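Presented below is the structure to which this report refers.
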Amino acid sequence: MSQVPAQEHPAREDDEQLALAVGSELRKKKRAASQAAKKDISKGAAPLKASPAPSASVSRQSQAFRQAWRKTAGELSEEEQRTAVLQALEVFRQLPPASSYAQHRIRVLEKALALLDKAGSERSSGPAAFLAAALPLCRRLHSSALAAASAAAPGAASTAAHAAPEEVPVVIAGGGPTGLTTALLLAKYGVRSVVLEKRQTLTDHPQAHFINMRCMEVFRSLGDPDIASQVVAHMPPLEQWRRFVYCTGMTGEVLGMVDHFKGQTSPYQPAISPEPVAHLAQHRLLPLLVDAALKEPAIDLRMGHSLRSFSQSPTGISAVVDVASGGAGSSGGIYRLSGQYLAAADGARGGLRQQLGVGMGGPGAIQHLINIHFVSPELGRVLRAGGREGMLYFVFNSQAIAVVVAHNISEGEFVAQVPYFPPLQSGADFTPQRCAEIVRQVAKRSDLELEVRTVRPWTMAGRVAHTYQQGRAFLVGDAAHAFPPSGAFGMNTGVCDAHNLAWKLAAVLQGRAGPGLLDTYTAERKPVGTANCMLSVANFNEALRVPQIMGLDYKAANLLSDVLAAPVLSWLPPDARKTVLETTMNVGKAAASPIRRLRRSELAEVFEHGETLRLQFPKEDLGYVYSQGAMCHGPGDAAAVAEYQRPKKRDAPYTPTTLVGARLPHAPIRVRQAGRLLAEVGSQAVASTVDLPAAAGTGLVLLLSESSQQGGWEAAAAAAEAATGVPVLPVIVAQSAAAISSGGNAAGERTTVVQDAEGAWLRLRAIPQEGALLVRPDGHIAWRHGGQGDLANELQRAVHTVMCK
Ligand SMILES: Cc1cc2nc3c(=O)[nH]c(=O)nc-3n(C[C@H](O)[C@H](O)[C@H](O)COP(=O)(O)OP(=O)(O)OC[C@H]3O[C@@H](n4cnc5c(N)ncnc54)[C@H](O)[C@@H]3O)c2cc1C
């Protein structure tokens, strides 16, 4: 079996293209600027120097290969490149010849070798150009090989648990969206991590698909090209997913269609975020994150490695890792890893939360569902031809009830979610044949051509962990919370957990913050998890309005199922109870099917008043405010936050705010002076205020306006930095280019100056012109000040408080 089939083909094309690109670059070498090459090399070399010490737990060959490769990428001497490529070839040649993955890598490496030989003979005419061309390929090969070597590390198996444990600052258990986001953010802050993923291959089962603006803002700051723009490039056009369709069958009668982008021609809302909401299936998003992680030398992603158990002491954590047998000829085994912190991103069923002894609260299991992942280009064509493209189809007919997610209508890729009732029914009842039958009933097309890809039972639940932290271990994503998918908060919340945790871990590891900063993770994120859990459950109930009007009540069905499964009826053979259940369900569906006039008018009213399930939640996605945690509240701040958070109407709009604890609102900006903050990022990437903290590493941004206090604030920032060791980076948001250069207010060289491109910041800032906002690396406002008093002292005190020093 190949190691990463789900990403094998795209990666193959990439590598081929890369190899070709190197060839063409080599031909162009005389024209390439040696300066550019030097820049590339220095960019590549710096993070690689921070790469982990060679693992005691990996095979000798892969260890040698990693060492050699790092050296290669860092120094790029021709001889070392050759040696590294040869060593990589040796690693892959040890994999079973049947592995198409290995064979592909061998071909790419052989190509690289040929290119190196060719370049060697031409070296005298332009080594810099060659290096510039070869570096991306080297990086790619390094990454691919790392992943393969990780999967192959079970040669490691024999080194086993008694060997000296490998050291890494952060161990991340789980390579799902939240684990990978945590790793990418840590890497951005310069912190190494090992990501353990128990699967040997990427899942091809779609789950999440709707990505909200805040999650996209986090993705905007990661990867090169950034993940957000890759999501936009890969997602279907809005016309295919702007509606929810309520119908008696996907090709049957339409009961109602709800457009969730009324008045919008694109998924962007430029007044509130630089990023759109997006629709991309999780199994298509994951390869983008994996690819970014593989390119990142500070991330060691190990597929087929599962965290079995761990322990912790006041100074660190120690983990026992299981290596799966089977893939890449591995015979399996175990090894030990030690580190400073553990991020448990192992999903709802990973088990680390239980190991930590952390319980959960909330409504618990709500509904049992079977996910049928199927592909039918024919269905996609029919839906498009009929002008009924939608993201979700709520289907009610006499034979089937389902919610269908259209992941990609052009390609005909869907998931049908069908309720089932354990223990009388089980996943085994849903054979591929039965599932194909259900899909045809849902589509109302008895001869529909389709392929059932995967069938997965799952339980929709609402639960939140009592705490997100146990000593040096932190729960992230579904490990910390489970929501019904109604409202699409699961992954989106998990990514924001990662965003909150990563800078705190990095700041503590770098000595910029006290360990108390980590205790603010639960205080900040758990209220968000709880609010999103409650909202998702409320959304689920909202989503039931249509079926209830049609006489279908899942609560009654669950009750019936419970009654039939109860011990009092145990004298009835299981098959008989199951028959009663299924017959009663069918009677219910049949009764719902003739849609009487009364029901129609009730339905019309519900659709008209928008009382069905919503899709966009900007008030909740962008508008949550941390009321306690890593912040410094001034007088009146807490009351203002409480007022802002007072429950509002269900569909009240998001109101941007600069209250302490809130996300820094988006305002379009134009960079006028890079200053210290943007000198390295480059002004190109910065177009919104939300980009400013994202560029600051684990430093804090001090947001100012051009004013008489400007110089005072710049001096205060320098003094606070000197006293606390935390970079405090002043940024002036000026109203006009003229104002920036005028009079005695010229900004210091190290200050970043941006222009309020559309005047939005002036409306949003809600502090006096002389005032300042202190913004954390995750874009949340930590402190606000009106600009009067002892600026230096007060800023220093605020930095101390925020960083828990
Ligand atoms: C039908 C459906 C639709 C959904 N739609 C949306 C949506 O539109 N938007 C949204 O935001 N969310 C949605 N969600 C929720 C979303 O899928 C999850 O919230 C998301 O997958 C959570 O990501 P995660 O990384 O925390 O966990 P997972 O995705 O579960 O990843 C955890 C990973 O950890 C690995 N693992 C487990 N144990 C170990 C171990 N011991 N060692 C190493 N690795 C381990 C697993 O193999 C897995 O890869 C939906 C969910 C469902 C079921």
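Computing FRET efficiency as 1/(1 + (r/R0)^6) for D790 and Q769, where r is the C-beta to C-beta distance and R0 is 25 Å, gives about 0.85. With both labels modelled 7 Å from their Cα along Cα-to-Cβ, the S313 to S410 distance reads 5.6 nm. Using a simple spin-label model with pseudo-atoms 7 Å out from Cα toward Cβ, M257 and A719 lie 6.4 nm apart. In the calculated pair-distance distribution of the range 365-439, the portion above 19 angstrom amounts to 37 percent of the Cα-Cα pairs.
Among the protein heavy atoms of the range 211-361, carbon and sulfur supply 50% of the accessible surface, probe 1.4 Å, non-protein parts ignored. Across all C-alpha atoms in the range 284-323, the radius of gyration and Dmax reach 13.6, 40 Å. The mean accessible area for residues of the range 637-802, using a 1.4 Å probe and ignoring ligands and nucleic acids, is 39 Å² per residue. Taking each of K526/K649; K619/K805; K504/K619 in turn, the alpha-carbon distance tops 27 angstrom for K619/K805. Once the 1.4 Å probe is applied to the protein heavy atoms, the range 210-251 comes out at 26 Å² accessible per residue. Pairs exceeding 22 Å between alpha-carbon atoms, taken from K198/K295; K262/K444; K188/K295: K262/K444. A Förster radius of 51 Å combined with the Cβ-Cβ distance from R384 to H466 puts the calculated FRET efficiency at roughly 0.60.
The convex hull drawn around the Cα atoms of the range 299-375, when projected onto a plane and averaged over every direction, covers 8.7 nm². Simple spin-label estimate for E680 and T801 gives 2.9 nm between the two label positions (7 Å along the Cα-to-Cβ direction from each Cα).
Ligands, DNA and RNA are left out, and with a 1.4 angstrom probe the accessible area of the range 456-514 is 22 Å² per residue. The calculated FRET efficiency for the pair E605 and E758, based on their C-beta separation and a Förster distance of 30 Å, comes to about 0.15. Taking the accessible area of the range 637-802, probe 1.4 Å, and keeping the other protein chains in place, the carbon and sulfur fraction comes to 51%.
The values are calculated or read from the model by the stated rules, or taken from the named source; none is laboratory data. Owing to the predicted nature of the structure, the values given are computational and were not obtained by experimental measurement. FYI the Cβ positions are ideal-geometry reconstructions off the backbone, even for glycines, and counts take in every protein chain you see. These accessible areas exclude ligands, DNA and RNA; they are computed on the full protein's heavy atoms, side chains included. Shrake-Rupley method; radii C 1.70, N 1.55, O 1.52, S 1.80 Å.
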